[in-house]
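Chemist: I'd like to ask you about the structure that follows.
The values are calculated or read from the model by the stated rules, or taken from the named source; none is laboratory data. All figures in this text were calculated on a predicted structure; none of them were measured in a lab. As a convention, Cβ positions derive from the backbone with ideal geometry for all residues, glycine included, and neighbour counts pool all protein chains shown. Ligands, DNA and RNA are stripped out before the accessible areas are found, and what is left, the full protein with its side chains, is counted by its heavy atoms. Shrake-Rupley method; radii C 1.70, N 1.55, O 1.52, S 1.80 Å.
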Amino acid sequence: MLPSLTPLADAVAEALKQRHQTLAVAESSSGGLISAALLAVPGASAYFLGGAVVYTAKARMSLMGLPREAVAGMRSASEPYALLLARTARENFGADWGLSETGAAGPTGNPYGDAAGHTCVALSGPVEMVFTLETGQDDRAANMEAFAVAALKLLSQALDV
């Protein structure tokens, strides 16, 4: 596991376990790093209900059950889309929290005009939060890690850890 993710994952895992709360994840450009970090914590089955790497429109439909009509007027790698993914993950899994990430890892931007290093991260649960991160980097692996860190930090902020 990436060392930058371990302390964050440990902290949010402990908070979720203490609160008896559950989490579902829908991630894109982080490629499963968010889920991997959370699943690397012993006892993950107490809080982690499931996750999906929603990298394409086909994945969005197949894994999340979101047809084209559900995202009409919305573009991926945007705050409204990230929030929709977080809400849908929470609802589909019956979780207390839904966490999502959607962006452009690089080395180039995405077809929507976002530069490499752009992502939107959202959380849906007892509170909802969403924000955009711009790393300014074109290093794909570094961006994937930064996106996963940002998502775990957002969750830790909501959990007050």
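Chemist: Amide H to amide H under 5 Å from Gly51: which residues, 5+ apart in sequence or cross-chain, H placed 1.01 Å off N in plane?
Modeler: Residues meeting the criterion, in which the H sits 1.01 Å from N, are Val25.
Chemist: Please label the shape of the stretch 66-155 as rounded, prolate or oblate, based on the square roots a ≥ b ≥ c of the eigenvalues of the alpha-carbon gyration tensor (a/c under 1.5 means rounded; beyond that, a/b larger than b/c means prolate, else oblate). Don't jump to the answer; show the numbers that get you there.
Modeler: Values: a/c = 2.45, a/b = 1.39, b/c = 1.77.
It comes out oblate by the Cα gyration axes.
Chemist: Specify whether the C-alpha gyration tensor of the stretch 1-61 places it in the rounded, prolate or oblate class, a ≥ b ≥ c being the square roots of the eigenvalues: rounded for a/c under 1.5, otherwise prolate if a/b is larger than b/c and oblate if not.
Modeler: Details: a/c = 2.96, a/b = 1.55, b/c = 1.92.
Since a/c reaches 1.5 but b/c is at least a/b, the shape of the stretch 1-61 is classed as oblate.
Chemist: Could you please put Glu145, Glu69, Glu101 in sequence from largest to smallest accessible area, using a 1.4 Å probe?
Modeler: On the way: Glu145 55, Glu69 140, Glu101 0 Å².
Ranked from most to least accessible, the order is Glu69, Glu145, Glu101.
Chemist: Then there is this: Rounded to the nearest 500, what is the chain's calculated 222 nm mean residue ellipticity when only DSSP H runs of at least 4 contribute -39500 (n - 2.57) each, over all residues? Before the final figure, lay out the partial values.
Modeler: Details: 5 runs with 64 residues, N = 161.
Helix contribution divided over all residues of the chain: -12500 deg cm²/dmol.
Chemist: With +1 on the Cβ of every Lys and Arg and -1 on the Cβ of every Asp and Glu, and nothing else charged, how large is the dipole of the stretch 1-153 about its Cα centre, in debye rounded to the nearest 20?
Modeler: Numbers: 10 positive and 14 negative charges, 75 e Å.
Roughly 360 debye, rounded to the nearest 20.
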